[in-house]
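The values are calculated or read from the model by the stated rules, or taken from the named source; none is laboratory data. Note that the structure is predicted; figures quoted are calculated from it, not measured. Using ideal geometry, Cβ is built from the backbone for each residue, glycine included, and neighbour counts are taken over all protein chains shown.
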Amino acid sequence: MKSWVRSRLSLAAIILAVLVASCGGQPGVKVSVAGVVVPMVFSSSSEGTPCSTVIRDGVRQEPPLTTVRAQVPVTLRFEAGDGATGIRGWIYDVDRPTPSGGPLEEFALPGRRGSYEARSILPARTYTVMVIVAWSLLVTSGAETNVFRVRVEPGG
């Protein structure tokens with residue numbers, strides 16, 4: 001009888017752990033440029049299990065502009081929450097877009113935190129940066145996309 005109860009308790013503990021892990025939510029990300037945390041706008045997310053995938057789109061809105069004083073090249077610092085497996089980003093010049101409309105520069109960081117030295121960001125110009133955080137928990141995985149705008153002024 002005791003082993004039956006023990007095995008049921010073990011099964012219940014495993015099921016509870018799976019439920020907690022799958023309900024943990026997306027990790028999110030914090031970005032700072034020259035020590036200034038930049039506000040971001042949610043763009044989209046995807047979340048999937050072995051059985052289904054849910055895609056969410058944010059309300060289309062312009063991200064607020066953050067102006068920082070810094071020397072170039074500027075370092076972008078990222079810190080994502082638990083479960084993040086990688087961070088990818090694309091840098092677009094708002095003032096002088098590329099002829100193709102594509103990014104000036106893209107980057108990929110493994111894990112949940114890291115820094116990237118942006119070679120294409122120049123002083124007195126405005127940039128839009130799209131950031132995707134990939135994440136994986138016990139039975140769910142997905143990605144969240146956020147966008148921010150930054151302008152770097154000489155100094156710092």
*Condition broken by V31, with the remaining ones in (1) under 25 Å from G155 (Cα atoms); (2) modelled with pLDDT under 90 satisfied*: (2)
*Tell me which residues, restricted to region 74-108, are within 19 Å of A143 (Cβ to Cβ), in a strand (DSSP E or B) and acidic (D, E).*
E79, E106
_Among (1) modelled with pLDDT under 90; (2) under 13 Å from the mean Cα position of the chain (by Cα); (3) closer than 27 Å to G155 by Cβ, the one test that F42 misses_ = (3)
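Considering only region 46-72, how many residues are modelled with pLDDT of 90 or more, in a loop (DSSP other than H, G, I, E, B) and either surrounded by 14 or more Cβ atoms within 10 Å (Cβ to Cβ) or under 20 Å from the mean Cα position of the chain (by Cα) (or both)?
Of region 46-72, the ones modelled with pLDDT of 90 or more are 63-72.
Those left that are additionally in a loop (DSSP other than H, G, I, E, B): 63-64, 70-72.
If we keep only those that are either surrounded by 14 or more Cβ atoms within 10 Å (Cβ to Cβ) or under 20 Å from the mean Cα position of the chain (by Cα) (or both) too, we end up with 63-64, 70, 72.
So the count comes out to 4.
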*Scan region 126-141 residue by residue and report those that are modelled with pLDDT under 95 and over 11 Å from the mean Cα position of the chain (by Cα).*
S136, L137, L138, V139, T140, S141
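Touching a residue at least 40 places away in the same chain (Cβ under 8 Å), surrounded by fewer than 13 Cβ atoms within 10 Å (Cβ to Cβ), in a loop (DSSP other than H, G, I, E, B) and of a type outside the set (K, R): is that true of E117 in this structure?
Details: touching a residue at least 40 places away in the same chain (Cβ under 8 Å): yes; surrounded by fewer than 13 Cβ atoms within 10 Å (Cβ to Cβ): yes; in a loop (DSSP other than H, G, I, E, B): no; of a type outside the set (K, R): yes.
Considered against the rule, which asks whether it is touching a residue at least 40 places away in the same chain (Cβ under 8 Å), surrounded by fewer than 13 Cβ atoms within 10 Å (Cβ to Cβ), in a loop (DSSP other than H, G, I, E, B) and of a type outside the set (K, R), E117 comes out as no.
If a residue must be more than 21 Å from L65 (Cα to Cα) and either of a type outside the set (S, T, N, Q) or loosely packed, with under 15 Cβ neighbours inside 10 Å (or both), how many such residues does region 137-156 contain?
In the first step, residues of region 137-156 are kept if they are more than 21 Å from L65 (Cα to Cα); the result is 137-143.
Within this subset, residues satisfying the condition of being either of a type outside the set (S, T, N, Q) or loosely packed, with under 15 Cβ neighbours inside 10 Å (or both) are 137-139, 142-143.
Here the count works out to 5.
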*Could you list all residues from region 104-156 that are under 16 Å from V33 (Cα atoms) and of a type in the set (V, I, T)?*
I121, T126, T128, V129, V131, V147, V150, V152
